[in-house]
Each structure stands twice: as C-alpha cells, then as structure tokens.
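Since the structure comes first, as structure tokens, the remarks are kept for the end.
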Amino acid sequence: MSTSTGIAQPVAEIEIDDCWRQIGVRGDRSCALLDQHLHCRNCPAYKKIARSLLDRATPSAYPTGWPDKPSRAELDSADEEALQTAVLFRLGEEWLALPVAIFHEVAESRRVHSLPHRRNGAVLGIANVRGELLICVSLSELLGIDERKEAEQGKRAKAFRRLVVVGELDKRVAFTVDEIHGLHRYREHDTLAVPATIGKALSAATVAVLPWRGRAVGCLDPGQLLTMLDRSIA
C-alpha cells in the first residue's frame, strides 16, 4: 500500500500512545512528569515509543516506492518552504522566539550573585551553571518588557521559571525566563510584520511576529539580540 507521494507505507501501523500531544508539551501540559523532565523528549516513555518506531520491520516494497530524483524547481520550492525551528519562551506577558541554534542549555532557575559597582541595570550578576560562572542579565530590562504583573502572581509563577544560556561558544550569557514552551517549527510565510505599537527596544530586536495558540510571538533576531547583550555587559 502506498500514499499519494509514491512512498510505500507499512501494511500494519503501530499503535502509538501520543501522550505528548495530549498531556505533554504539545497538549495541555498536565502531565505530572513535565516538572521532572522539563520536555517530553527527555521522558523515558517518549524515548521508548521512538525506539519502537525505529525497530519496526520495513515492508519489502518500501525501497522501490521512493519517487524519482526531484527537479530543480521542486528543490527550490522545498527550500522556500523550509521549516525553521525556534525555542518559544515567555517574559512577563510577552511570548518570544529565538532560533534553536543559539541555545546552549535550559536549566532550573538558580540564585544569581550580584556584582559590586555595576552600572548597567540589565546586568543582574553571575550564576553558576555546571561549575561555570556566567554573567546573568535581565532580558526584560534589556527589551523594555514589564514583568510587574508576573511578580504579583507569586510562587506559582516562579515554579515555571528557567535559566537559559545562549550565545557563542566562547561568549555565553544567561538570563531567566518566566516560562518556556520548548521547540516550535514554522515556515516563513506563517509570520506577520512587526506592529508599530510595540516598544522601541523590543521592536529593534524583533524581525517578525508568529501567530501561535491565539498569541502573537515576537521572533527575535539572534544577531541583534547578541549585540544588545554584548553592549549591556561591556
């Protein structure tokens, strides 16, 4: 049996308990294991399902079911529709997105030790991440995002906070986010233009707006953001 794409498919499909789409990061996030594993991809149940898919038998007609080599026009069309992968996170009431390539780590929120005689309000201090002392900045302060409402929500809000490490290999910076959704894939044509109503600092670092679950997610330019981070700690 084959699909309209011409690629042969297994005769008997494996039944999959797609819990990540129901109660995991792509569902209502009610799974009790999320607090422990942070993301479904770290859960043993998720890995077990992935292994079962990789180990399934290949139909005899599968190799012959592949279509012919695509034309140049088809390749160009595929490039235009290439998926982009970003990490979605929240600061206050603002949802933002950054390309996954600049992320090094997402860790539990931890104590930030203040630095004496600091002049820039965006620099909070230093944080210990796996034995490495990293400068920790306030991305909200840098982008002009108001987090006062988040602070008023108390302990429940703090439970979702994570420490994010971004930057180049030899120049890494950490900042705290109020909530992190995880990976999200989208195409360029899914995005909208940046509205003129957002703040000046946030507008300077935002290249597009991505509609997501009824929200407007600001897609940050990684180069511009890293430049702003460098200037804040200079």
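Bear in mind that the values in this text are calculations on the coordinates, not laboratory data. In this text, all values refer to a predicted model and were calculated from it rather than measured experimentally. Glycine also receives a Cβ, built like all others from the backbone with ideal geometry; neighbour counts cover every protein chain displayed.
The table for this structure:
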| read-out | value |
| --- | --- |
| In order through the range 192-208: 3J(HN,Hα) via Karplus (6.51 cos²θ - 1.76 cosθ + 1.60), integer Hz, x for Gly, Pro | 10, 5, 6, x, 7, 8, 7, x, 4, 5, 5, 5, 5, 9, 9, 9, 6 |
| Per-residue ³J(HN,Hα) for the range 124-138, Karplus 6.51 cos²θ - 1.76 cosθ + 1.60, θ = phi - 60°, Hz, x for Gly and Pro | 8, x, 10, 10, 8, 10, 6, x, 9, 8, 10, 5, 10, 10, 9 |
| Amide H partners (placed H, <5 Å) of residue 18, local residues excluded | none |
| Segment residue 41-residue 213, extension gain: residue separation times 0.36 nm, minus the distance between their alpha carbons | 59.8 nm |
| Model label zone, residue 108; criterion: amide N under 18 Å from point 7 Å along Cα-to-beta-carbon; scope the range 164-193 | 164-165, 175-180 |
